[in-house]
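Trainee: Pasting in a structure now, in structure tokens, and then I'll have a few things to ask.
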Number of protein chains: 2
Amino acid sequence: MAIKFAERTEHLEGSAIRELLKLTQKPEVISFAGGLPAPELFPVKEMIEVSKAVLEEKGQAAMQYSTTEGDPNLRAHLAKRMNDKLNTNVTADDLLITNGSQQILDFLGKVFLDKDDIVLCESPSYLGALNAFKAYQPKFIDVPTDEDGMIMEELEKILAENENVKFIYVIPDFQNPSGRTWPLERRKKFMEIINKYEIPVAEDNPYGELRFEGEFLPSLKSMDTKGLVMFLGTLSKILCPGYRLGYLAASPEILQKFNVIKQGADLQASTISQMEMAKFFDMYDVDAHVKKIREVYGHRRTVMMDAMKEYFPEGVTWTYPNGGLFTWVILPENINATELQKEKALPRNVAFVPGAPFFPNGGGENTFRMNYSCMPDEKIIEGIKSLGEAIKEAIADAK
Amino acid sequence: MAIKFAERTEHLEGSAIRELLKLTQKPEVISFAGGLPAPELFPVKEMIEVSKAVLEEKGQAAMQYSTTEGDPNLRAHLAKRMNDKLNTNVTADDLLITNGSQQILDFLGKVFLDKDDIVLCESPSYLGALNAFKAYQPKFIDVPTDEDGMIMEELEKILAENENVKFIYVIPDFQNPSGRTWPLERRKKFMEIINKYEIPVAEDNPYGELRFEGEFLPSLKSMDTKGLVMFLGTLSKILCPGYRLGYLAASPEILQKFNVIKQGADLQASTISQMEMAKFFDMYDVDAHVKKIREVYGHRRTVMMDAMKEYFPEGVTWTYPNGGLFTWVILPENINATELQKEKALPRNVAFVPGAPFFPNGGGENTFRMNYSCMPDEKIIEGIKSLGEAIKEAIADAK
């Protein structure tokens, strides 16, 4: 028997990262492949108090169905935090609570994309977003980037030449996978361009609060005068991912579409998780908690940067990230990162994510992504040392 | 500016039920409109113990990302429960954990439906399912039903006449909205037909365990020899809906498609919610809990049936459900339930869900759905009395 599935499923594959993560779960492997927050920083003790308080005070409501748009207290906390940190001007009513920001990526496809519509993104871009969009069968145009992120002249050229661009997906702060951040000038130029073409923008900002040094830069959302920017936020990186809570801030016209889609998709995010997270904001100092995360990740970033400088051979370059979870390594052009992983790195018990899948239209075979957030210093140093040897051997082989 | 949304969003509307629920939240309204479980039966005290145990024993893991397929312990408990209650033969590996079974309805559309593909369903069928499928722009054929559910001769005729039927969506036990249950003979005949045509079937079974009297009937899944039946289960009705946990049991070929879709949609269900529910199964007697629910709902069903018999006028008929949450009322053909609601019932502070939206191709204007699970006896009697008056007045007006 041949069951007939939808056309969209023919080209969908499981995330290369999630498959790779299974390989790297052996205890002897030092894995820089994941994007996991450091679990030792999760506020476990606090959540014991929080869950007790929620269930004792409002247990029946916490276990019942609730509204699609999300818990009013949680939305109020998140709106306030956005306004404090990002200089936006949003209220609880501008927000929809979702199952992590990954769900917003899926909904972006569902709300905007008919088959063969065009999505613009950075080159490279977040693999999880590309996979989510692919279910709606769009075409991707990946806008060239440099060390400061998307190149605005290239963006403008692409917009001038292409109709049917439904939205632009960007991660201006500590991008996944590249670790790059757009400077202020680029943000201004970007907003000029999208205002001219009136194209909706999805600003994905999971890492913005995790800045180790330098000035916070204004979010695109805070510069938006036409209701074009959809802001994707998450609690996964500043609190924890296991509760699966993210949020979308968007104009009423756009938010209404997402709300209807959320209803059909799964009615609502978990009532109790939302009430617990709101209660955490009530009871504890989130800023102090985020400061602790910043310090630990910033330190690990430095340890990795120092080790790369010491152990990586000439001809290899990488991003020095000022925040977030990732750095991006560029090998000499003739070195293939997927082969490096398979033939040289995994045999040395060290893993990363090859960069090619982050390019929707091919390329980047000589690149890979490295995560530094969830590993102690000595493991980072040991892993980078092994990886340096692997790269040196690959370069020698290629000669 | 005109933002261009996807074509699919043009005809999507918010659920009529969810909109109606907002209207009926005034404290003076006796609402039979929702489908809420009775919150006084939620195991709140137990969940305080459960969440404490999970966070103390494995807090870091509970707050971290986990696998897409779902918590192994929870899946093992659910597989065992399916085999015990439904005579199926599934293992943890046959299950995918989702955000309530509503998410499986969305994924059914995503996995199977290209635009204009055909979905078969009962007439009437669950509105939340129809709305979820509509996002993928199918055509519906609703198979005629009688008091024993889907009429198999009609099903066979439709299958003989239509290619491109991608799947059949059914709720054989205590159907939402009709409260009807398919007898054994129909189940056997149904399996014969789908085995002949080899069409995948989604068996939605949120209420199966809530049988008040009579023998449990075998699930379609337990009669499936060809891997065609996808079983949709949920914890919403036997424990609580606020944690948003459902599960799909399907053949490996089908499950793999759903797994990839789940990854792109939101990575995974909440780690901590899954671990908490598994812990509840570890620590408490779920059967004893379900027995309590059955007794309360069964009693309320009887109260409603008795009141309808006393207060509803001649010419009105309704389902006597042996389980589940709903009964279905059929008015004389010339009485429109939506108008009855607006002009006669809401002014008397009583609410129900008009039946028309449960028919994907129109019809059913003289029908409505009534819920009895979350209301004390005296409110049920009072509400039915008012509703009886409303109906009498509408019948008198129509003469």
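Every number in this text was worked out from the coordinates using simple rules, so none of it is lab data. Everything quoted here is computed from the prediction, not taken from an experiment. Here Cβ is always computed from backbone atoms with ideal geometry, including for glycine, and neighbour counts include all displayed protein chains.
Trainee: Would you mind pulling out the separation of the Cα centroids of the range A:344-399 and the range B:127-193, in Å?
Mentor: The two parts, judged by their Cα centres, are 53 Å apart.
Trainee: If you plug each phi of the range A:109-120 into the Karplus form 6.51 cos²θ - 1.76 cosθ + 1.60 with θ = phi - 60°, what whole-Hz ³J(HN,Hα) values come out, in order, with x for Gly and Pro?
Mentor: Taking θ as phi minus 60°, the curve returns x, 5, 7, 10, 9, 8, 3, 6, 5, 9, 10, 9 Hz for the range A:109-120.
Trainee: What translational diffusion coefficient, to the nearest whole µm²/s, does the range B:211-280 have by Stokes-Einstein, given a Kirkwood radius computed over alpha-carbon pairs, a temperature of 25 °C and 0.890 mPa s viscosity?
Mentor: Result for D is 172 µm²/s.
Trainee: Which percent, nearest 5, of DSSP beta bridges in the range B:201-301 are antiparallel?
Mentor: Counting only bridges with both partners in the range B:201-301, antiparallel ones make up about 50 percent.
Trainee: Would you mind computing Rg(Cα) / (2.2 N^0.38 Å) for the range B:1-159, counting N as its residues?
Mentor: 1.37
Trainee: Also, quick follow-up: From the cross-link list A:Lys342/B:Lys257; A:Lys58/B:Lys379; B:Lys115/B:Lys344; A:Lys257/A:Lys279; B:Lys189/B:Lys237; A:Lys157/B:Lys110, which pairs have alpha carbons spaced over 31 Å apart?
Mentor: In this structure, B:Lys115/B:Lys344; A:Lys157/B:Lys110 exceed 31 Å between Cα atoms.
Trainee: How far is A:Gln60 from itself in the other copies, in nm, if each label sits 7 Å out from Cα along the Cα-Cβ line, shortest first?
Mentor: A:Gln60 label point versus its equivalents elsewhere: 4.0 nm.
Trainee: To continue, here is another question. What list of ³J(HN,Hα) values in whole Hz, one per residue of the range A:122-138 in order, does the Karplus curve 6.51 cos²θ - 1.76 cosθ + 1.60 (θ = phi - 60°) give from phi, with Gly and Pro shown as x?
Mentor: Each residue of the range A:122-138 in turn: 6, 10, x, 9, 5, 4, x, 6, 4, 5, 4, 5, 4, 4, 9, 6, x Hz.
Trainee: Only bridges whose two residues both fall in the protein assembly as shown count here: according to DSSP, what percent of them are antiparallel, nearest 5?
Mentor: Within the protein assembly as shown, antiparallel bridges account for around 55 percent of the total.
Trainee: Based only on Cα atoms, what mean projected area does the convex hull of chain A have, in nm²?
Mentor: 21.2
Trainee: Antiparallel as a % of all DSSP beta bridges within chain A, to the nearest 5?
Mentor: Once the DSSP bridges in chain A are tallied, antiparallel ones form about 55 percent.
Trainee: Another question about this same structure. Tell me, what are the semi-axes, in whole angstrom and largest first, of the equivalent ellipsoid of the range B:111-232 as set by the roots of 5 times the Cα gyration tensor eigenvalues?
Mentor: 22, 16, 13
Trainee: Based on alpha-carbon centroids, what's the gap between the range B:240-305 and the range A:49-105 in Å, whole number please?
Mentor: After rounding, the separation between the Cα centres reads 23 Å.
Trainee: Compare the Cα positions of A:Leu220, A:Gly34, B:Cys240 along the charge dipole of the protein assembly as shown (+1 at Cβ of Lys, Arg; -1 at Cβ of Asp, Glu; about the Cα centre) and return the one farthest towards the positive end.
Mentor: Of the listed residues, the answer is B:Cys240.
Trainee: If you don't mind, another one. Project the alpha carbons of the range A:221-349 onto their principal axes and report the range along each, largest first, in whole Å.
Mentor: Answer, in whole Å and largest first: 52, 34, 34 Å.
Trainee: So, one more: I need the P(r) histogram for the range A:12-84: all alpha carbon pairs, bin width 5 Å from 0 out to the longest distance, whole percents.
Mentor: Result returned by the calculation: 3, 11, 11, 13, 14, 13, 14, 14, 6, 0.
Trainee: Continuing with the same structure: Given 20 °C and 1.002 mPa s, compute D for the range B:45-283 with the Stokes-Einstein relation, Rh being the Kirkwood radius over Cα pairs; round to the nearest whole µm²/s.
Mentor: The diffusion coefficient I find is 117 µm²/s.
Trainee: Taking square-rooted eigenvalues a ≥ b ≥ c of the alpha carbon gyration tensor, is the range A:265-304 rounded, prolate or oblate, where a/c under 1.5 means rounded and, failing that, a/b exceeding b/c means prolate?
Mentor: oblate
Trainee: Mind putting a number on the dipole of the range B:45-283 about its Cα centre? Charges go on the C-beta only, +1 for Lys and Arg and -1 for Asp and Glu, and I need it in Debye to the nearest 20.
Mentor: Here the range B:45-283 has a charge dipole of around 460 debye.
Trainee: Ok, one more. Any idea what log10 I(q)/I(0) is at q = 0.15, 0.20, 0.30 Å⁻¹ for the range A:86-149, Debye with uniform C-alpha scatterers and no solvent?
Mentor: Normalising to I(0) and taking log10 leaves -0.60, -0.89, -1.19.
Trainee: For the protein assembly as shown, I need the span (max minus min coordinate) of the C-alpha atoms along each principal axis, in Å, sorted largest to smallest.
Mentor: For the protein assembly as shown, the Cα spread along each principal axis is 90, 53, 53 Å.
Trainee: What are the semi-axes of the equivalent ellipsoid of the range A:53-113, taken as the square roots of 5 times the eigenvalues of the Cα gyration tensor, listed largest first and rounded to whole Å?
Mentor: Over the Cα atoms of the range A:53-113, the ellipsoid semi-axes are 24, 19, 9 Å.
Trainee: Which number comes out as Rg/Rh for the range A:143-205 once both Rg and the Kirkwood Rh are worked out on C-alpha atoms?
Mentor: Ratio value, two decimals: 0.94.
Trainee: Right, here's the next one. Can you give me the orientation-averaged projected area of the convex hull built on the Cα atoms of the range B:272-335, in nm²?
Mentor: 6.5
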